[in-house]
Amino acid sequence: MLDLLANLSEILAGIAIVIAAARAWPLLGAMNRNLITRRRRRGGVGNDLRRLSAGLERELDVPNPRFSTLQQAREGLMLILADAHATNLHMQLGGLDPEHPGTVKVRVEGDLVTICRLSADAYVRLIDEFKDWAGMSAELSWGRARGAGSFAGREYSVLIRLAESVHGPAMTAHLLDTAVAELPVAALGMPSRTWQMIEPLLDVERGGLAVFAGLSGSGKTVSLYTSMNQLDPVRCNVVTVEDPVELLRPGVTQIEVDSPRLGLTEAFSLARNMDPDVLMVGELRPDTVRMVLRSYYDGCLTLTTAPSRSVLATLAYLDSYSQVGIRELIFPMVIVAQRLMRGLCVECREPTELDEDDIRFVNQVLDESACTWDDIGATFFVAHGCRKCEGGHEGRIACYEAMQVDFEILDSVRSNRNPRKQLEYAVGRGFEPMQFHALRIAAQGEVSLAEVRRVVTGLRTASGTYT
């Protein structure tokens, strides 16, 4: 009887989510039918999101769109972001089509995908709807504000940024699942050797620097907040400098950069004067590198993120933008890089044989990683879709690489401009590159080899080397 009630509760919860989504999506018309099915079957989102443009443009591209239509458009766009695991919504004027100069895009897995193009009138009214939802003044032409909402059954924190370009208003909305603030370490899927590098750093008495690297949508913010969650704000003073603050954390002093009232330099000085045991700097940028290293040299545990593809690229970034280079490594310095891959549905996945091209690709990755087939296993899987997943993909799985920096590695990065030579030296000293971790995940049946190819291609430069 209890099992029956539990199943009934799950069914009712699912129906409630479907009803809530249906109320927000009617303006998208017939174009949004089977969105998830088509997206997953082809393994991408670009074409399907573009198909949604017809319904959205048809409903909005009229004089004085109704308030209810604008509200549904905003909710529908947020649902698209949540369902596609997108991180940002971009709206800008100045398109090539003079009748439809407004462009709406989303960033999915690091790539920008255009959803639709709108007339100037519809575009401005949709911007005003977002401003009203976030509690911003209708006259405001630049600034930022936070909102919150439930999309696709999950709670999100939404940061709205406004700017006035030469063409007119522009807006970016950044979504962050609030559940990331409470994730356990095991949910990250980090290899044990990676977490064993990070965990000792969280002993705040030792000091050190941890950098979580990755492009937009790679999950680096999740890794950063999960690591911060291991700290006890009652026993140590945790201070952050963020531009902007993405998630509010209890017991943590969060300082938000807000030019011109509080610039980055002033915010950093204020944070250091608060005697922090732990300092978190939101993102490593050219103007924050010296500040981060100064905190590290002072013996303060420093956490940050970097918009880099790999560990070695992040180390080069740190060293070059510090002006005088990294002078000393008195305290541990750990860099972790990551990317997200689309997981396979466990219900419909099945073993597959590799063709000659697949074998050649696997051999190349193994050779670059100084490993053999015995290190990964030899069974790979594919999934063609079922009623549960409708396309073969389900969830996201992260692949990682991590390194504790020493002067030998640092000298190699400084002396070798060729990324391949840098990688060869690091692998010779026991470094496991991200492409090897991705391959090992595929050999365990969690992702397809095609997905590993996509990730590895994203790590390569035009010259065929990794960055």
Notebook entry, point to check: Of Arg342, Arg290, Arg327, Arg294, which residue is more than 25 Å from Arg417 (Cβ to Cβ), assigned by TED's automatic domain parsing to the domain that holds Gly214 and free of Cβ contacts under 8 Å to residues at least 40 places away in the same chain?
Noted result: Arg294
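One line per residue, one yes/no per condition, for (1) touching a strand residue (DSSP E or B) at 6+ places or on another chain (Cβ under 9 Å); (2) surrounded by fewer than 16 Cβ atoms within 10 Å (Cβ to Cβ); (3) free of Cβ contacts under 8 Å to residues at least 40 places away in the same chain:
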residue: Ala86; (1), (2), (3): yes, no, no
residue: Gly95; (1), (2), (3): yes, no, yes
residue: Pro98; (1), (2), (3): no, yes, yes
residue: Gly102; (1), (2), (3): yes, no, yes
residue: Ile115; (1), (2), (3): yes, no, no
residue: Leu126; (1), (2), (3): yes, no, no
residue: Asp132; (1), (2), (3): no, yes, yes
residue: Ala138; (1), (2), (3): no, yes, yes
residue: Gly149; (1), (2), (3): yes, no, no
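Select from region 331-370 the residues that are aliphatic (A, V, I, L, M) and either surrounded by 18 or more Cβ atoms within 10 Å (Cβ to Cβ) or not in a loop (DSSP other than H, G, I, E, B) (or both) and list them in ascending order.
First, the residues of region 331-370 that are aliphatic (A, V, I, L, M): 333-337, 340-341, 344, 346, 354, 359, 362, 365-366, 370.
Within region 331-370, Met333, Val334, Ile335, Val336, Ala337, Leu340, Met341, Leu344, Ile359, Val362, Val365, Leu366 meet the criteria.
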Notebook entry, point to check: Failed condition for Ser216, given (1) surrounded by fewer than 19 Cβ atoms within 10 Å (Cβ to Cβ); (2) outside any helix (DSSP H, G or I); (3) in contact (Cβ under 8 Å) with a residue 40 or more places away in the chain; (4) not assigned by TED's automatic domain parsing to the domain that holds Arg290, with all others met?
Noted result: (4)
Next item on the list: Mind counting the residues in region 165-193 that are part of a helix (DSSP H, G or I), under 30 Å from Lys131 (Cα atoms) and not hydrophobic (A, V, I, L, M, F, W, C)?
Entry: 2
Margin query: Quick check on this structure: which one of Gly282, Gly299, Gly263 is over 27 Å from the mean Cα position of the chain (by Cα) and small (Gly, Ala, Ser)?
Written below: Gly299
Check: So Ala134 fits all but one of (1) in contact with a Leu (Cβ under 8 Å, 6 or more places away or on another chain); (2) within 18 Å of Glu246 (Cβ to Cβ); what number is the exception?
Finding: (1)
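Whether any residue in region 220-229 is crowded, with 19+ Cβ neighbours inside 10 Å, touching a Ser or Thr at 6+ places or on another chain (Cβ under 7 Å) and either free of Cβ contacts under 8 Å to residues at least 12 places away in the same chain or not charged (D, E, K, R) (or both) is what I want to check.
Of all residues in region 220-229, those crowded, with 19+ Cβ neighbours inside 10 Å come to 220-228.
Going one step further and asking which of them are touching a Ser or Thr at 6+ places or on another chain (Cβ under 7 Å), we end up with 220-221, 224.
Still in the list and also either free of Cβ contacts under 8 Å to residues at least 12 places away in the same chain or not charged (D, E, K, R) (or both): 221, 224.
Yes; the residues of region 220-229 include at least one that is crowded, with 19+ Cβ neighbours inside 10 Å, touching a Ser or Thr at 6+ places or on another chain (Cβ under 7 Å) and either free of Cβ contacts under 8 Å to residues at least 12 places away in the same chain or not charged (D, E, K, R) (or both).
Of all the residues that make up region 264-303, how many are part of a loop (DSSP other than H, G, I, E, B) and surrounded by 14 or more Cβ atoms within 10 Å (Cβ to Cβ)?
9
The values are calculated or read from the model by the stated rules, or taken from the named source; none is laboratory data. Because the structure is predicted, anything quoted here is derived from the model rather than measured. Because the Cβ atoms are built from the backbone with ideal geometry, glycine has one as well, and the counts that use them run over all protein chains shown.
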